[in-house]
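As structure tokens, the structure follows; a few thoughts come after it.
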């Protein structure tokens, strides 16, 4: 299954876009959690968000691929954790947009 430039195979989600960049998420680690400000967050979503070469559209596609792959790999999924993760991701997007706006002043 493919979501944008993200390919889901039998045991990974991998970036399949143009260029030399590589980002692979092992399926068995997909629902790995990190704690930030007492919130549980899905680590791989935020690791991908930190990659400056991935666009916001790429990351939106990853979010869909992530949910699909969680089901495909039969992993535990928590909607509250996912919502918290997306809230953090969007906050990072806003911070990035603000930085870009300040550079253009």
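Figures for the structure shown
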item	result
Selection count where residues are more than 24 Å from residue 71 (Cβ to Cβ) and touching a strand residue (DSSP E or B) at 6+ places or on another chain (Cβ under 8 Å), scope the stretch 30-57	1
Sole exception among (1) more than 12 Å from the chain's Cα centre (by Cα); (2) in contact (Cβ under 8 Å) with a residue 24 or more places away in the chain; (3) in a loop (DSSP other than H, G, I, E, B) for residue 70, by number	(3)
Looking only at the stretch 73-105, and only at residues there that are at negative phi and assigned to a loop (DSSP other than H, G, I, E, B), the one that is modelled with the lowest pLDDT	105
Selection within the stretch 1-10 - in contact with a strand residue (DSSP E or B) (Cβ under 9 Å, 6 or more places away or on another chain), surrounded by 13 or more Cβ atoms within 10 Å (Cβ to Cβ) and touching a residue at least 24 places away in the same chain (Cβ under 8 Å)	3, 5, 6, 8
Considering residues of the stretch 25-59 that are assigned to a helix (DSSP H, G or I) and in contact (Cβ under 8 Å) with a residue 40 or more places away in the chain only, the residue surrounded by the most Cβ atoms within 10 Å (Cβ to Cβ)	49
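The values are calculated or read from the model by the stated rules, or taken from the named source; none is laboratory data. The structure displayed is predicted, hence computed values, not measured ones. We place every Cβ from the backbone using ideal geometry, glycine too, and count neighbours over all the protein chains shown.
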